[in-house]
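Engineer: The structure is given below, and queries will be raised subsequently.
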Amino acid sequence: MNDRKAAKANVRFNDVAAIDAEIAKLKQKQETTSMTLGEEKKLIKEIDALQTSKGVFSELKDKDSAIDNALASRKEIAASITAKDKEIDAVQKEIDEKQKLVDAQKDSDAEIRKNLSSLKAERDSLKKEIGEMIEERNKIREEFQKENDKWYDYQRAVKAQKKIQYEEEKKKREEEKLAYLAEKEAEEAKKIPYEEEQVLCDYLADYLAKTYLSEESKSEKEEKKADVVAVSDDPFAGLAPLKKDEDEVFLKIGAGKSKRNRAAKKQAVKPAFKLNVDSFEQFGLLGLTPPTSYDAVQKSVEELRAKKVWYSQQPRGSVPTAAEIRKANEKAAQKLRQVDAPAPKKNGKLDIAGDEFAPLSAGVASSTLNSTWGKTVSSE
């Protein structure tokens with residue numbers, strides 16, 4: 001607005017049309033009037049000034065439009081300011097209300113700070129008491145540590161004493177064990193070599209003969225009867241047992257019971273041939289092949305008798321005993337369990353006819369037995 005006032009102060013005319021009219025008038029005067037050169041220059045200069053003043057009017061027009069826009073904006077801003085003043089008044093009212101709450105909170109905070117000061121003082125006193133108790137605890141802990149060290153020293157001494165006693169007892173037990181083994185070896189030296197194996201041969205031969213060889217069992221019974229010595233000067237010689245039919249003391253009424261006609265005894269049926277697993281193991285301990293049918297029983301009995309004679313002729317320690325073979329078999333079985341070897345198969349199926357299986361059925365011929373089955377296993 002100030003610029004517009006300054007621009008209007010330098011212009012004599014109020015609009016562009018008046019300026020154009022004045023310029024036309026001056027030009028006409030220049031063209032129609034005789035004048036000096038200085039006057040003409042002055043006239044031309046005045047015309048140029050008027051031409052320049054036309055630009056001032058355009059600037060004034062722009063400034064007027066800018067002023068009008070500014071005035072409109074001012075009105076809008078004034079309206080916004082009024083609305084904001086109302087909002088500010090409302091906010092100020094809320095601030096006043098909140099300020100009251102803040103003042104009340106300040107009073108409460110002052111009370112809290114006062115209480116906090118008392119709590120801090122109480123905390124300091126508790127810290128002092130805690131420090132005293134910690135010192136007392138440390139003293140008690142040091143005393144306990146000393147007593148605990150003494151107890152551990154005592155325990156170590158007791159363990160050392162027990163270890164010495166254990167070593168002495170262990171040495172004594174080893175000496176007693178060596179003496180016992182020496183005594184046992186001396187007792188074993190007094191026994192007949194391979195007595196257990198000979199008894200086993202007799203047991204298996206007697207079992208097969210009594211069970212499957214009836215004639216041989218009868219001959220053995222006759223031999224046993226022949227071995228019985230008759231009693232001389234027997235006071236009961238010639239006496240016979242009393243029969244009820246011939247006794248005259250009892251009263252006999254009627255014809256009596258007729259004797260029942262009994263049919264002739266049928267021929268005894270041979271028992272089914274079978275051997276249990278223990279028998280197979282016993283034959284294996286002796287290094288013999290067990291029979292698998294009636295035809296092989298007699299041969300097995302003869303082999304057992306011959307084996308007994310053979311054992312009786314062997315010096316002590318020349319061949320493994322049954323106990324040694326049994327221990328070796330147990331060790332081998334334990335190794336097999338540890339390795340967990342799969343069962344032998346043939347064409348994807350379990351091969352029960354292979355060398356790893358001994359035939360248990362009576363229908364299997366003795367020739368199908370594994371040639372290595374039942375042989376003596378060397379002890380490790």
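Engineer: For the pairs Lys190/Lys307; Lys146/Lys171; Lys163/Lys184, flag any whose C-alpha to C-alpha distance is greater than 28 Å.
Structural biologist: Correct reply: Lys146/Lys171; Lys163/Lys184.
Engineer: Each residue of the stretch 278-287 in turn: what ³J(HN,Hα) in whole Hz from Karplus with 6.51, -1.76, 1.60 and θ = phi - 60°, glycine and Pro shown as x?
Structural biologist: With coefficients 6.51, -1.76 and 1.60, one gets 4, 5, 4, 5, 5, 5, x, 5, 8, x Hz.
Engineer: While we're looking at this one, here's another question. Can you give the FRET efficiency for Lys177 and Phe144, using 1/(1 + (r/R0)^6), R0 = 45 Å, r = Cβ-Cβ distance, to the nearest 0.05?
Structural biologist: Efficiency, from the Cβ-Cβ distance: 0.45.
Engineer: Return the distance in nm (one decimal) between the two label points of a simple spin-label model at Ala157 and Glu188, each offset 7 Å from Cα along Cα→Cβ.
Structural biologist: Between Ala157 and Glu188, the simple spin-label model gives 4.8 nm.
Engineer: Using the Karplus curve 6.51 cos²θ - 1.76 cosθ + 1.60 with θ = phi - 60°, work out ³J(HN,Hα) for each residue of the stretch 172-178 in order, rounded to whole Hz, and write x for Gly and Pro.
Structural biologist: 5, 5, 4, 5, 5, 5, 4
Read-outs: derived from the displayed coordinates by stated rules, not from any lab. Because the structure is a prediction, the values reported are computed rather than measured. Cβ: placed from backbone, ideal geometry, glycine included. Neighbour counts: every protein chain shown.
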